[in-house]
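S.K.: Encoded as C-alpha cells, here's the structure I'll be asking about.
The values are calculated or read from the model by the stated rules, or taken from the named source; none is laboratory data. What you see is a predicted model, and the numbers here were worked out from it, not measured in a lab. Neighbour counts are summed over all protein chains in view; Cβ atoms, including those assigned to glycine, are modelled from backbone coordinates with ideal geometry.
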Amino acid sequence: MNQNFFSQNRVPVLYAGMAALLVIVGLGQGWSVSLSILNLCLISAIMSLGVNMQWGYAGLFNVGVMGFAALGGLAAVIVSMPPIHEAQAAGGSGILIGLLILVATIFASIFVWKQFNKNKKLAYWLIFAVIAVGYVLGRVLFLPAVEAIEAIDPSVSGYLGGLGLPIVLAWPVGGLFAAGAAFVIGKVALGLRSDYLAIATLGISEIILYFIKNEEWLTRGVKNVNGLPRPVPYEVDLQQAEWFQKLAADWGMAVTEASSIFVKLCYAGLFVAVIAILMYLSETALRSPWGRMMRAIRDNETAAAAMGKNVVKRHLAIFVIGSAVIGLAGAMLTTLDGQFTPVSYQPLRFTFLIWVMVIIGGSGNNWGAVLGGFFIWFFWIEAEPIGLWLIDTLTAFMDGDHPLRVHLMDSAAHMRLMTVGIVLLVALRYFPEGLIPERTARKA
C-alpha cells in the first residue's frame with residue numbers, strides 16, 4: 001500500500017520532502033541561509049531544465065553548459081551596467097568598425113564558397129585571401145581601439161560599460177546570446193556522433209570563456225565587473241524606510257535580518273515566476289505532437305528519418321532552445337551575485353553538477369530535472385555543515401586537540417565531492433531511471 005501510494009504520488013511527495021529539508025535548514029541555520037539555498041536551487045533547476053531539453057528530449061550530449069551560462073552573465077553586464085563614456089569616445093568607433101569587418105569577412109567567405117564551390121581549390125584560396133585581408137584590416141583598426149579603451153582608468157573601469165537598462169531585460173538577452181552561439185555551434189557540430197558532439201561543445205565553451213576572460217574592453221576580464229544593478233530593493237534602503245521598520249517589528253526581527261530575508265524573498269518570487277513560465281511551456285511542448293516527434297527521433301533517428309522527419313533540423317531547434325534556457329539562467333545567476341566573475345565558470349560547477357541534476361532527477365521528465373536541481377544543489381551546499389556536524393558527533397568522546405579529531409574536522413569541509421558521489425550512487429542504485437522517471441505510454 002505504501003509503495004503504491006508513493007508510486008501514484010511520487011512528484012508531490014518528493015517535492016514536499018525537498019521543501020521539508022529547506023524548512024529544517026531555516027529552523028536550524030536561519031531563514032536567510034535557507035532562502036539563499038532556495039534561490040540558487042531555482043537557478044540550478046532552470047539550468048537543469050535546459051540540459052534536460054537537449055538530452056531528455058533529443059539525446060544531445062552537450063557538455064558546454066558553462067559557456068552558455070557565461071554568455072548569460074555577459075548579457076547582464078552589457079545590458080545593465082552604465083556606459084563608460086570616456087572609453088566609448090576613446091575606442092568605441094574602432095571596436096564597431098572592427099566588428100563590422102569581422103561580420104563582412106564572414107559573409108564574404110560564405111558568398112565566395114557559394115559562388116565557387118564547384119571549383120573547391122579556387123574557393124579555398126579565395127576564402128583564405130578574404131580571411132587574410134579581414135584579419136589585417138581588423139588588427140589595424142581593432143587593436144589600437146582596445147588599447148585606448150583599456151587605458152581609461154583600468155583599476156575601476158577599463159571597458160566600454162553597458163547600456164544602463166534594467167537588469168531584468170538582460171535575462172531574455174542572455175537567452176538570445178546563448179541561442180545565437182548554439183545556432184552557430186549546432187550548424188557545425190550537430191552532424192557529429194554523440195561523443196564527438198560532447199568534445200566539440202566542451203571545446204567551444206572553453207573558447208567562449210577564453211574570449212570573456214581576455215577581452216577586457218568588453219568584460220574587464222579577470223578583474224571582474226562589480227556592482228551590477230538589482231531588480232529588487234537594497235537592504236540599506238529598506239532599513240531606512242519607516243514602513244519596513246514597522247514590518248520588521250511585526251515580524252519580531254531585527255531590521256538588518258528582516259531586510260536580508262525580504263530581499264531574498266523578492267528574488268525568489270522573480271525566479272519562481274520564471275521557472276513557472278518555463279515549466280508550463282516545456283510541459284505543453286512535451287505533450288504536443290512536437291514533443292512526441294522529438295522523443296521518436298531520440299529513440300530511433302533512422303526510423304524517424306525514414307518517416308520524412310528532418311532530424312538535423314529538429315536537433316538544431318532543440319539545441320538552440322535548451323541553450324537559450326541555460327543562458328537565461330546564467331543571466332539570473334549573475335543578477336543574484338551582483339557581479340560578473342569569468343574565472344568562476346568551471347566545468348565542475350556549470351557542467352558536471354548540472355548533468356548530475358538531470359540524471360538524478362530523471363532525464364526526459366521536466367519535473368524530475370527541476371527536482372534534481374534542488375536536490376543536488378542542496379546537498380552540494382549543505383555537505384560542509386552536515387560533514388562538520390557528523391564528524392563533531394562521531395569524535396565527541398575525543399579531546400578537542402586530539403590529532404585525529406583535528407584532522408577530521410579540517411577535512412570535513414572538503415566532503416562535497418564525496419557527498420555528491422554517494423548521493424549519485426545511492427540514487428542510481430534505488431532509482432536507476434531517476435527520482436521522477438520519464439512518463440511513457442507503457443508507464444502512464
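S.K.: Specify which of the listed residues (123, 87) is surrounded by 15 or more Cβ atoms within 10 Å (Cβ to Cβ) and within 30 Å of residue 229 (Cα to Cα).
M.R.: Result of the check over 123, 87: 87.
S.K.: Only one residue in 156, 130, 146 is among the aliphatic types (A, V, I, L, M), under 27 Å from residue 229 (Cβ atoms) and free of Cβ contacts under 8 Å to residues at least 60 places away in the same chain. Which one?
M.R.: 156
S.K.: Related question: Just give me the residues in the stretch 199-246 being in a loop (DSSP other than H, G, I, E, B) and either surrounded by 13 or more Cβ atoms within 10 Å (Cβ to Cβ) or among the small types (Gly, Ala, Ser) (or both), in sequence order.
M.R.: 215, 220, 224, 227, 228, 229, 230, 231, 232, 233, 241
S.K.: Within the stretch 61-78, restricting attention to residues that are within 8 Å of the chain's Cα centre (by Cα) and among the small types (Gly, Ala, Ser), which residue is surrounded by the most Cβ atoms within 10 Å (Cβ to Cβ)?
M.R.: 69
S.K.: Follow-up. Only one of 4, 52 is within 30 Å of residue 304 (Cβ to Cβ) and polar (S, T, N, Q). Can you tell me which?
M.R.: 52
S.K.: Does the stretch 227-236 contain at least one residue that is modelled with pLDDT under 90 and within 30 Å of residue 95 (Cβ to Cβ)?
M.R.: Yes, the conditions are met somewhere in the stretch 227-236.
S.K.: Something else about it: Would you say residue 259 is hydroxyl-bearing (Ser, Thr, Tyr) and surrounded by fewer than 19 Cβ atoms within 10 Å (Cβ to Cβ)?
M.R.: No: the conditions fail for residue 259.
S.K.: Name the pairs: first residue in the stretch 379-405 and more than 26 Å from residue 423 (Cα to Cα), second residue surrounded by 10 or more Cβ atoms within 10 Å (Cβ to Cβ) and among the basic types (Lys, Arg), Cβ to Cβ under 6 Å, at least 6 apart or on different chains?
M.R.: 398/405
S.K.: For the stretch 251-265, which residues satisfy the criterion of being hydrophobic (A, V, I, L, M, F, W, C) and touching a residue at least 40 places away in the same chain (Cβ under 8 Å)?
M.R.: Passing the criteria: 261, 265.
S.K.: Next up: Residues that are of a type in the set (Val, Ile, Thr), at least 2 per element: which helices (runs of 4 or more DSSP H) completely within the stretch 286-397 meet that?
M.R.: 311-337, 353-361, 366-394
S.K.: Scan the stretch 277-286 and give yes if some residue there is surrounded by 13 or more Cβ atoms within 10 Å (Cβ to Cβ), under 30 Å from residue 29 (Cα atoms) and not polar (S, T, N, Q), otherwise no.
M.R.: no
S.K.: So if I check each of 110, 97, which one is without any contact (Cβ under 8 Å) to a residue 40 or more places away in the chain, surrounded by fewer than 18 Cβ atoms within 10 Å (Cβ to Cβ) and assigned to a helix (DSSP H, G or I)?
M.R.: 110
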